[in-house]
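The values are calculated or read from the model by the stated rules, or taken from the named source; none is laboratory data. A quick note: this is a predicted structure, and the numbers were derived from the prediction, not measured. Cβ atoms come from the backbone with ideal geometry, glycine included; neighbour counts cover every protein chain shown. Please note that ligands, DNA and RNA were not included when accessible areas were found on the heavy atoms of the full protein model with its side chains. Shrake-Rupley method; radii C 1.70, N 1.55, O 1.52, S 1.80 Å.
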Amino acid sequence: MSDKAEMRGPITRWRRTTVTGGGAPSVKQANGTKCHDVGKKLPQYIGEPNTEAEVSGPASTNGKVDWEMGMSRQPQLRRSPKKQRSAVEDINEKLSCHVLQESLLSSASGYSNYRGILNWCVVMLMLGNARLFLENIIKYGILVDPIQVVSLFLKDPYSWPTPCLIIACNVFILAALYTERRLAVGTISETTGQILHIFNLTSTLIFPAATVLSVTSMTPVGGVFSLAIYTVVFLKLYSYQDTNRWCREIRQAKAKRLTRSYSCPSVAQSDGSALTNVSYPGNLTHRDMYYFVFAPTLCYQLNFPRSPRIRKRFLMRRLFEMLFLTQLLVGLIQQWMVPTIQNSMKPFQEMDFSRMVERLLKLAVPNHLIWLMFFYWFFHSTMNFLAELLQFGDREFYKDWWNSETITYFWANWNIPVHKWCLRHFYKPMLKRGVNKFLAQTAVFLVSAFFHEYLVSIPLKMFRLWAFMGMMAQVPLAWFVSRFLNGNYGNAAVWMSLIIGQPVAVLMYVHDYYVIHYGTTTKY
């Protein structure tokens, strides 16, 4: 029988196969098994484009291929596509190693991952501050004294003016509550109620100031703390009477119940129930009033957003941060700032300009570091602790002020509770009365400057207006930065105003305080 007849047997038949690359073709038999025919084509050259070749070849009658014969003819085994591509890449890298590209530090490169440089800056900052700390320890020794902290609040252990003054603020809180109750039932007129509120709010600011100025046992630190509490109470009571007045206006407009735009939606609790909304005048209770007094907000509303439960671990972390940072702040002030400030008095008294600048820059580092730590301690740790304890849902106490490119953006985002109060009860009402935006913004800075001076001059019992002028200087500075500096330059200007501006005010007040109360400056 001829070869052609043998090829038509029942066991095998011809198959077409495609050969890619340099390997031997794969032939599939009729019974489903695979075999490799003798290589019909040598492996392609490296770098030659892949081609497809259809090769036909006879298969053995018993379904097997003579492997010895195939291997003797085939110079190499079949390569995988991945290995072949890697070989091509190796050749290309040897032949060419340059491409069109920009340097990483060029703005056209689009590169933005500077995490390593940021870490380097942090390491250098830590090393620099560590050197200053060691120099301070070697020069002055250990100055941290916990007993001295107590003396900052109490001169006489049998006289406690600060706690007594803080407790007395309940008189003004209850006066506002009872005035609103009389207004709700119509016992007194709106005009009489407004007069009572104005008298109550004015007394909230005048009474603690007069007490701090007249009581000799009141320390400056105790006075600052007391006046800060009364300032917060003043802002809260102003918002309280304003919001209730809006509710009465709605009720007079035949609105029996507050719409959802004036009250928060129900918040589901963990047991599946929902908190019912409170409507006016059902909110005029002691419970509602004192919840607002202790809540970390200055703006009153009838129904605050509430969190479903108290997270105990979160609460304990914030408490630990509060205690730890309090000790750290006190230690840094005693060990680092006090000696620097006292050594700065003589250059200021002699008006030695070069020494004044040197002392100012030396004070800028610890002052700014302490200010940043105070920001975290108050706006993150303390306010989140209160919010978690009271299940207060709105935790936006600050925004990304560190990315501020304008002065206005910084003041609007570093203290959100105050910003919301100014926007709701001062700025927008002025715009509704037809005042233009620039005058309204200037008025907001004017109010802020008043309270800054109120919190500094009265406890120190001297009036120099440095804090007032510093805040009002923010108005032309904000205009200059927004007009002439953009992007990173504006952000740098904001940081410079914070780093340099605060030490200038601190040195001014401390210098005047030492001159008035001690007459001469003593080198520490």
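So Ser354 passes all but one of these: (1) within 21 Å of Gly501 (Cβ to Cβ); (2) among the polar types (S, T, N, Q); (3) crowded, with 19+ Cβ neighbours inside 10 Å. Which condition number does it fail? The number of the failed condition is (3). Kindly establish whether Thr276 is at pLDDT 85 or above, among the β-branched types (Val, Ile, Thr) and either exposed (fewer than 14 other Cβ atoms within 10 Å of the Cβ) or not in a loop (DSSP other than H, G, I, E, B) (or both). Spelling it out, it is not the case that Thr276 is at pLDDT 85 or above, among the β-branched types (Val, Ile, Thr) and either exposed (fewer than 14 other Cβ atoms within 10 Å of the Cβ) or not in a loop (DSSP other than H, G, I, E, B) (or both). Only residues that are at negative phi and open to solvent by 40 Å² or more (accessible area, probe 1.4 Å): list them for region 391-400, please. Hits for region 391-400 are Asp394, Arg395, Glu396, Tyr398, Lys399, Asp400.
Pairs are defined by a Cβ separation below 7 Å, a sequence spacing of at least 6 or placement on different chains, a first member in region 415-426 that is crowded, with 18+ Cβ neighbours inside 10 Å, and a second member that is β-branched (Val, Ile, Thr); the pairs so defined are Pro417/Thr297; Cys422/Val444.
For region 383-399, taking the residues that are acidic (Asp, Glu) and assigned to a loop (DSSP other than H, G, I, E, B), the one that is farthest from Phe292 (Cα to Cα) is identified as Glu396.
Residues considered: Ser189, Ser159, Ser106. Of these, the only one that is open to solvent by less than 50 Å² (accessible area, probe 1.4 Å) and without any contact (Cβ under 8 Å) to a residue 12 or more places away in the chain is Ser106. Figure legend. Inter-residue proximity from region 288-300: first residues in contact (Cβ under 8 Å) with a residue 40 or more places away in the chain, second residues open to solvent by 30 Å² or more (accessible area, probe 1.4 Å) and part of a loop (DSSP other than H, G, I, E, B), beta-carbon distance below 8 Å, spacing 6+ or different chains. Indicated pairs: Thr297/Asp394. Are any residues in region 467-507 within 22 Å of Leu361 (Cβ to Cβ), open to solvent by 60 Å² or more (accessible area, probe 1.4 Å) and over 25 Å from the mean Cα position of the chain (by Cα), and if so, which ones? Met469, the sole residue that qualifies.
Looking across Val144, Val123, Val150, one residue alone is under 28 Å from Met337 (Cα atoms), in a helix (DSSP H, G or I) and either at pLDDT 80 or above or within 31 Å of the chain's Cα centre (by Cα) (or both). It is Val123. Going through (1) touching a Lys or Arg at 6+ places or on another chain (Cβ under 6 Å); (2) under 20 Å from Ile138 (Cα atoms) one by one, Gln335 falls short only on (1).
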